[in-house]
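**Q** Here's a structure for you.
The values are calculated or read from the model by the stated rules, or taken from the named source; none is laboratory data. Keep in mind it's a predicted model, so treat the numbers as computed, not measured. With ideal geometry, Cβ positions are generated from the backbone for all residues, glycine too; neighbour counts draw on all protein chains shown. Surface areas here come from the heavy atoms of the whole protein model, side chains and all, with no ligands, DNA or RNA. Shrake-Rupley method; radii C 1.70, N 1.55, O 1.52, S 1.80 Å.
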Amino acid sequence: MNPFTAPLKTHRRLLTQGMETAEKMCLLPNRLEDLASVEVGKTPSEVIYSENKLNLLHYEPLTDDPHNTPLLVVYALINRPYILDLQPDKSVVRRFLEDGFDVYLIDWGEPSQLDASLTLGDYVKRYIDNCADVVRERTGTDAINILGYCMGGTLSTMYAALHPEKVANLGLMATGLCFDDTGGILEQWGSEEYFDPEAITETYGNVPAEFLATGFAQMNPVDTYLGKYTILFDNLDDRTAVENFGRMERWVRDGVDVAGEAYRQFIEDIYQKNALYQNELVLDGTPVDIGNLTMPVLQIIGSFDHLIPPDASKPFTEVIPSEDTDIYEFPTGHVGMAVSGKAHAELWPRVATWFRERSVTQIEESATVSRGEAEAEADHDQSLQTLDGIGPTYEERLHDAGITTVTQLVAADPVQLADRLGLSESRVTSWIEQARQFGGSSDDSTGSS
């Protein structure tokens with residue numbers, strides 16, 4: 001570089017940059033208006049069911065001949081669900097509608113202090129089950145498709161394990177399922193060695209949205225507090241880019257509180273005890289048996305997901321009995337898989353195809369299955385799998401112990417049966433209590449343990 005001309009070139013570059021900055025600053029008032037006026041969640045829908053703060057949304061079909069097996073989307077208890085319908089070209093909901101699915105979505109709303117005592121069991125056994133039954137009755141379908149996102153995927157997994165007969169196909173999007181030094185920084189922060197969730201709930205009741213947002217922001221403070229605004233300034237002359245930024249910022253800042261007891265249970269049972277993966281989770285007295293997950297299961301994973309790293313999801317496939325499992329790993333992050341243009345061009349068509357192909361198979365086989373069930377019911381007492389927590393694996397073990405019907409289970413001694421099965425007495429007692437409520441008679445002791 002010429003030492004005599006270098007100062008002049010530097011001066012010229014600074015002047016040019018200054019002029020560009022000044023021109024962008026002139027755009028700022030209009031861009032602030034654009035940021036404030038962005039709209040989200042615009043795909044037409046109607047509320048078809050409400051319970052407490054929950055609304056079940058049904059979206060208007062975009063095809064004349066929708067698939068016979070509807071799709072229920074279960075969102076997380078954190079933030080708002082419109083991240084799945086952010087804008088027309090970045091809408092997971094719309095992708096399924098365009099593929100011919102009849103789509104329903106659970107919007108949890110925001111809990112009040114009166115809801116602080118809601119448990120995970122309330123959300124799974126009551127709210128999700130009620131919504132699934134509404135969809136099933138409305139569509140005349142015995143088993144439906146379910147897609148869960150993040151925490152909603154974990155709740156969906158619990159539900160499918162409790163009610164496998166109601167779930168045709170299960171999709172899990174960025175879902176935390178196993179935490180044995182696999183869950184990244186959130187697992188480390190949530191370790192019982194460092195964190196007591198009950199201290200939070202005792203202080204606040206419900207966990208404040210601001211508390212959660214601050215924690216997530218601290219995982220990537222540079223981008224959260226500086227980087228993204230630098231990118232915004234560089235793109236002030238691009239109105240579309242500014243509006244896209246505004247939609248994302250609206251969602252990030254539009255957090256909701258989380259019911260205190262459900263939060264405590266989730267941290268302690270899912271993160272700290274790894275109970276779902278270990279098949280030791282109990283919801284309000286009902287065991288959640290992942291041995292019931294025999295339906296097709298798809299995991300949709302982001303390679304760069306810092307909230308739910310791939311290793312917090314992938315191993316789950318190895319501990320469930322389903323013979324039809326897939327993992328779609330895509331080079332994006334936790335939120336990117338819902339909103340990136342590349343994901344909508346390449347990932348979501350594959351996901352829709354996965355559901356569609358299995359929905360068709362399920363419809364074709366439903367008549368045969370129904371005939372088989374009717375014949376089985378005529379031959380013997382109600383199957384043990386009619387009880388929550390008993391799937392094919394536990395039913396086989398009970399058969400080996402001489403318990404083949406609900407009636408026989410009522411007559412069993414819980415201590416002896418638990419010892420024979422190698423299970424906890426509380427789990428076996430729960431089954432026996434369900435059997436009694438189901439209407440089994442204690443007079444038949446032919447299968448007594």
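**Q** Can you report the number of residues in region 151-190 which are modelled with pLDDT under 95, within 20 Å of Asn79 (Cβ to Cβ) and among the hydrophobic types (A, V, I, L, M, F, W, C)?
**A** 3
**Q** Pick out the one residue from Leu307, Leu276 that is in a loop (DSSP other than H, G, I, E, B), within 14 Å of Cys150 (Cα to Cα) and of a type outside the set (Asp, Glu). Spell out how you get there, then give the answer.
**A** Values: Leu276 fails: within 14 Å of Cys150 (Cα to Cα).
Matching residue, one of Leu307, Leu276: Leu307.
**Q** Quick test for you: out of Ser112, Ser156, Ser91, pick the one residue that is farther than 30 Å from Gly291 by Cβ and open to solvent by less than 10 Å² (accessible area, probe 1.4 Å). Outline the logic, then answer.
**A** On the way: Ser112 fails: open to solvent by less than 10 Å² (accessible area, probe 1.4 Å); Ser156 fails: farther than 30 Å from Gly291 by Cβ.
Only one candidate qualifies: Ser91.
**Q** I'd like the full set of residues that are hydroxyl-bearing (Ser, Thr, Tyr) and open to solvent by 10 Å² or more (accessible area, probe 1.4 Å), limited to region 301-319.
**A** Residues of region 301-319 that are hydroxyl-bearing (Ser, Thr, Tyr), as a first pass: 303, 313, 317.
Of everything in region 301-319, those that are hydroxyl-bearing (Ser, Thr, Tyr) and open to solvent by 10 Å² or more (accessible area, probe 1.4 Å) turn out to be Ser303, Thr317.
**Q** Keeping to region 48-79, report how many residues are touching a residue at least 12 places away in the same chain (Cβ under 8 Å) and assigned to a strand (DSSP E or B).
**A** Quick first cut of region 48-79, residues touching a residue at least 12 places away in the same chain (Cβ under 8 Å) only: 48-49, 51-63, 65-79.
Then keep just the ones that are assigned to a strand (DSSP E or B); that gives 48-49, 51, 54-59, 71-74.
Number of matching residues: 13.
**Q** Given (1) modelled with pLDDT of 50 or more; (2) open to solvent by less than 70 Å² (accessible area, probe 1.4 Å), identify the lone condition not met by Ala376.
**A** That leaves (1) as the condition not met.
**Q** Of all residues in region 310-347 being of a type in the set (Gly, Ala, Ser) and not in a helix (DSSP H, G or I), which is nearest to Arg94 (Cα to Cα)? Step through it out loud before you land on a result.
**A** Initial filter on region 310-347 (of a type in the set (Gly, Ala, Ser)): 312-313, 322, 333, 336, 338, 340-341, 343, 345.
From what's left, not in a helix (DSSP H, G or I): 313, 322, 333, 340.
Working: Ser313: 26, Ser322: 29, Gly333: 20, Ser340: 14 Å.
Step by step, filter region 310-347, then rank; the result is Ser340.
**Q** Of everything in region 408-449, what is in a loop (DSSP other than H, G, I, E, B), at pLDDT 80 or above and among the polar types (S, T, N, Q)? Give them in sequence order.
**A** Ser424
**Q** Suppose we keep only residues that are out of contact with any helix residue (DSSP H, G or I) (no Cβ under 6 Å at 6 or more places or on another chain), within 18 Å of Met151 (Cα to Cα) and aliphatic (A, V, I, L, M) within region 328-349. Which one would you say is surrounded by the most Cβ atoms within 10 Å (Cβ to Cβ)?
**A** Val339
**Q** Check region 196-214 and report whether any residue there is in a strand (DSSP E or B) and modelled with pLDDT of 75 or more.
**A** At the first step, the residues of region 196-214 found to be in a strand (DSSP E or B) are 207.
Still in the list and also modelled with pLDDT of 75 or more: 207.
Checked against the condition, which is being in a strand (DSSP E or B) and modelled with pLDDT of 75 or more, region 196-214 yields at least one hit.
**Q** Given the conditions (1) assigned to a strand (DSSP E or B); (2) open to solvent by 30 Å² or more (accessible area, probe 1.4 Å), and given that Leu298 satisfies all but one, which numbered condition is not satisfied?
**A** That leaves (2) as the condition not met.
**Q** Based on this model, can you work out whether Lys42 counts as surrounded by fewer than 17 Cβ atoms within 10 Å (Cβ to Cβ) and either at pLDDT 95 or above or part of a loop (DSSP other than H, G, I, E, B) (or both)? Full working, then the answer.
**A** Working: surrounded by fewer than 17 Cβ atoms within 10 Å (Cβ to Cβ): yes; either at pLDDT 95 or above or part of a loop (DSSP other than H, G, I, E, B) (or both): yes.
So Lys42 fits the description; yes.
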